[in-house]
Amino acid sequence: MMLKSLACIADMFLCTNGVQAVCSAGPKAGEIMIQGAVKQTQGTIIRRDNGDAACYVTLKDTDGLEFHEMADFSVCEQKGLNGQRVKLFYEAANVLAADCEGDMDCGRSDTVILIQRLQVMTP
C-alpha cells in the first residue's frame, strides 16, 4: 500500500493540470503510453473495416473486452487475420481530418496514433 501511495504522490507532482483527483498508476501490464494515450500491446482481431481515414480494427483484450483502434490501410489488406492473436505496433501518423467528412480533396489532416504493423503471436 505504501508503494502505491508514493507512486500516487509522484503522479501528482508530474501532473500538469493541477492535483489529480484520482490516482493513476499509468499503463498496466500489456499496455503502453504513446503521446498521452494508453494503448493495448496485443489483442485478438475480431474485424477490420476500411474507412475514409484509416483501417478501423475491432479487437478483444486478454479479459475478452472489445477495444477499437485505427490502423494503417495495409492492416485491412492482410488476409487471414480475423481470430488471430496479434502484437500491435503503433506510430503517430497523419490521416484525413475528421471534419473533411470523407472529402479527400479538403486538404486537412489530423495526427493520430495508428497501428502501423502487427505480428501474429504463436499460441
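Quick note: the coordinates plus some simple rules give every number you see, no bench work behind them. Keep in mind the model is a prediction, meaning the values are calculated, not measured. With ideal geometry, Cβ positions are generated from the backbone for all residues, glycine too; neighbour counts draw on all protein chains shown.
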query: Filter region 46-73 for residues that are small (Gly, Ala, Ser) and free of Cβ contacts under 8 Å to residues at least 40 places away in the same chain; which is surrounded by the fewest Cβ atoms within 10 Å (Cβ to Cβ)?
result: 64
- line: For strands (runs of 3 or more DSSP E) lying entirely in region 41-123, having 3 or more residues that are out of contact with any helix residue (DSSP H, G or I) (no Cβ under 8 Å at 6 or more places or on another chain) and over 22 Å from residue 29 (Cβ atoms) picks out 85-96, 109-120
Where a residue in region 100-111 is more than 9 Å from residue 53 (Cα to Cα) and its partner, wherever it lies, is surrounded by 10 or more Cβ atoms within 10 Å (Cβ to Cβ) and hydroxyl-bearing (Ser, Thr, Tyr), with Cβ under 9 Å and at least six apart: 100/109
Criterion violated by residue 89 - all others in (1) over 13 Å from residue 43 (Cα atoms); (2) touching a residue at least 12 places away in the same chain (Cβ under 8 Å) satisfied: (1)
message: I'd like the full set of residues that are closer than 14 Å to residue 112 by Cα and touching an Asp or Glu at 6+ places or on another chain (Cβ under 9 Å), limited to region 53-73.
response: 53, 54, 55, 56, 72
